[in-house]
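These notes are about the structure you will find just below.
The values are calculated or read from the model by the stated rules, or taken from the named source; none is laboratory data. Bear in mind that the values here come from a model prediction, so they are computed numbers and not experimental data. Here the Cβ positions follow ideal geometry from the backbone for every residue, glycine too, while neighbour counts run over all protein chains shown.
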Amino acid sequence: MEQVPSTASCLLDSQFKNNNFDLLRILAASQVVATHTLWHLQIARPAWWPVVEACPGVAVFFVISGFLISASYERSSGWKSYACNRILRIYPGLWCCVFATVLVACAFGYSFFNWSAALWLTAQLIGVIYTPEFLKSFGFGSYNGSLWTIPIELQFYCAVPLLYWVTRKVQNRTLCFSIVWVCFVLVAFASCVVFAPLSELEGEPALQKLFRYSFIPHIYLFLTGVLMQRLGVYKMNWIAGKAIYWVIAYLAVYLFIPHSPASYVLEMLMLGVAAVSGAYTAPGVSRKLLRGNDISYGVYIYHGLFINVFIELALTKRAVFMALLAVCTYVAGYVSWIWVERPFLRSKKQTISPNYIPVP
């Protein structure tokens with residue numbers, strides 16, 4: 001790991017940690033919840049919906065993930081502490097959500113006493129997410145559609161040590177990362193152009209689905225976060241405190257450039273920059289509002305289960321059901337944070353050194 005002693009390092013680390021990422025994550029999770037709820041409960045979109053639709057939460061998650069996970073790895077004492085901390089972040093919440101799904105599905109008459117269910121349960125606990133045949137009639141046909149990003153996030157976790165290992169002897173690592181970023185941006189452009197027409201066909205081709213659930217078409221967003229962290233943008237004048245300008249620039253691109261599969265990549269890159277800028281604009285807001293509670297993961301992983309429950313109970317097509325589902329989801333997210341995630345996160349090894357400064 002790269003470390004350079006400096007009397008200014010404590011100040012820089014304080015700048016880095018004073019951010020609004022918790023608030024951004026809950027906003028991103030809320031966007032995903034609103035999108036899925038409106039679609040699956042067949043609720044008419046309100047007049048303000050285009051504003052929400054303009055800010056895809058998953059893209060924001062991926063950029064933030066790259067920013068924070070790369071910083072965590074650089075400050076880790078080794079890959080073992082890095083891996084342990086990543087496991088504690090993802091798996092306890094995921095396992096509880098999967099077991100909650102089993103209990104709920106059993107309540108609706110689905111049986112898990114078969115080999116297919118045993119194989120499925122094992123795969124879910126590992127993080128290989130899929131919906132088995134015996135659950136495809138549950139809810140909207142996916143036992144928890146929100147979990148599709150978990151395997152991608154796990155691939156990101158594995159990619160970080162590999163990327164740093166491959167570039168360990170490179171003098172300018174940030175430049176090397178920039179080259180890799182450009183390559184994957186081009187891959188994202190190409191994949192949008194190639195696969196978008198196939199999406200209009202009846203049914204999704206198996207090759208496209210396999211590609212979509214891999215890290216390849218998404219890692220350019222993750223690497224965008226990595227690069228911004230490596231460049232130390234949190235202390236740059238053109239990022240810190242400038243969120244309003246980046247949001248306006250993003251909305252201008254989103255609203256006035258004709259939408260196409262290729263323009264989507266540009267839009268998501270600008271959204272990623274706007275998100276990181278927002279994290280370091282009035283950075284005390286997140287702590288004042290949330291008081292250190294990060295319920296975004298719980299909100300994200302549980303909302304798909306609640307959508308299925310509402311569909312099973314025929315609670316659809318009315319705005320009041322959307323509000324009720326939101327309340328249930330946020331309560332579940334809070335319970336998950338207080339009783340599951342936070343206790344495990346407190347056992348994480350402290351990996352951030354006060355004498356650490358990223359070196360390009």
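At-a-glance table
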| item | result |
| --- | --- |
| Some residue of the range 124-132 being within 24 Å of residue 35 (Cα to Cα), of a type in the set (Phe, Trp, Tyr) and in contact with a helix residue (DSSP H, G or I) (Cβ under 9 Å, 6 or more places away or on another chain) | yes |
| Every residue from the range 57-95 that is more than 21 Å from residue 127 (Cβ to Cβ) and surrounded by fewer than 19 Cβ atoms within 10 Å (Cβ to Cβ) | 77, 78 |
| Residue match in the range 234-245 (condition: in contact with a Ser or Thr (Cβ under 8 Å, 6 or more places away or on another chain), of a type in the set (Val, Ile, Thr) and either under 23 Å from residue 17 (Cβ atoms) or outside any loop (DSSP other than H, G, I, E, B) (or both)) | yes |
| Criterion (touching an Asp or Glu at 6+ places or on another chain (Cβ under 6 Å) and either farther than 20 Å from residue 146 by Cβ or not in a helix (DSSP H, G or I) (or both)) met by exactly one of 254, 264 | 254 |
| Which listed residue, of 81, 65, 76, 72, is of a type in the set (Ser, Thr, Tyr), in contact (Cβ under 8 Å) with a residue 24 or more places away in the chain and closer than 16 Å to residue 219 by Cα | 65 |
| Yes/no for residue 81 being at negative phi and out of contact with any Lys or Arg (no Cβ under 9 Å at 6 or more places or on another chain) | no |
| Criterion (in a helix (DSSP H, G or I), under 23 Å from residue 248 (Cβ atoms) and at pLDDT 95 or above) met by exactly one of 51, 60 | 60 |
| Pairs where the first residue, in the range 336-349, is surrounded by 15 or more Cβ atoms within 10 Å (Cβ to Cβ) and in a loop (DSSP other than H, G, I, E, B) and the second is of a type in the set (Lys, Arg) and modelled with pLDDT of 90 or more, C-beta under 9 Å, 6+ apart | 348/89 |
| Criterion: among the β-branched types (Val, Ile, Thr), out of contact with any strand residue (DSSP E or B) (no Cβ under 7 Å at 6 or more places or on another chain) and either closer than 30 Å to residue 173 by Cα or surrounded by fewer than 16 Cβ atoms within 10 Å (Cβ to Cβ) (or both) - qualifying residue of 104, 98, 128 | 128 |
| Filter result for the condition that a residue is under 24 Å from residue 146 (Cα atoms) and at pLDDT below 95, over 195, 189, 222 | 195 |
| Residue check, residue 31 out of contact with any Gly (no Cβ under 9 Å at 6 or more places or on another chain) and either surrounded by fewer than 18 Cβ atoms within 10 Å (Cβ to Cβ) or within 24 Å of residue 342 (Cβ to Cβ) (or both) | no |
| Residue list for the range 241-260, restricted to those being modelled with pLDDT of 95 or more and either surrounded by 18 or more Cβ atoms within 10 Å (Cβ to Cβ) or within 20 Å of residue 178 (Cβ to Cβ) (or both) | 242, 243, 246, 247, 250 |
| Residue in the range 157-169 that is part of a loop (DSSP other than H, G, I, E, B) and either within 24 Å of the chain's Cα centre (by Cα) or surrounded by fewer than 12 Cβ atoms within 10 Å (Cβ to Cβ) (or both) present | yes |
| Residue match in the range 197-215 (condition: in a helix (DSSP H, G or I), of a type in the set (Ser, Thr, Tyr) and touching a helix residue (DSSP H, G or I) at 6+ places or on another chain (Cβ under 7 Å)) | no |
| Residue in the range 184-191 that is outside any loop (DSSP other than H, G, I, E, B) and in contact with a Ser or Thr (Cβ under 8 Å, 6 or more places away or on another chain) present | no |
| Within the range 122-143, tally of residues that are among the polar types (S, T, N, Q) and part of a helix (DSSP H, G or I) | 2 |
| Condition met for residue 119 (part of a helix (DSSP H, G or I) and within 21 Å of the chain's Cα centre (by Cα)) | no |
| Residues of the range 17-48 satisfying the condition of being among the aromatic types (Phe, Trp, Tyr) and either outside any loop (DSSP other than H, G, I, E, B) or touching a residue at least 60 places away in the same chain (Cβ under 8 Å) (or both) | 21, 39 |
| Number of positions in the range 66-93 that are in a helix (DSSP H, G or I) and farther than 29 Å from residue 273 by Cβ | 9 |
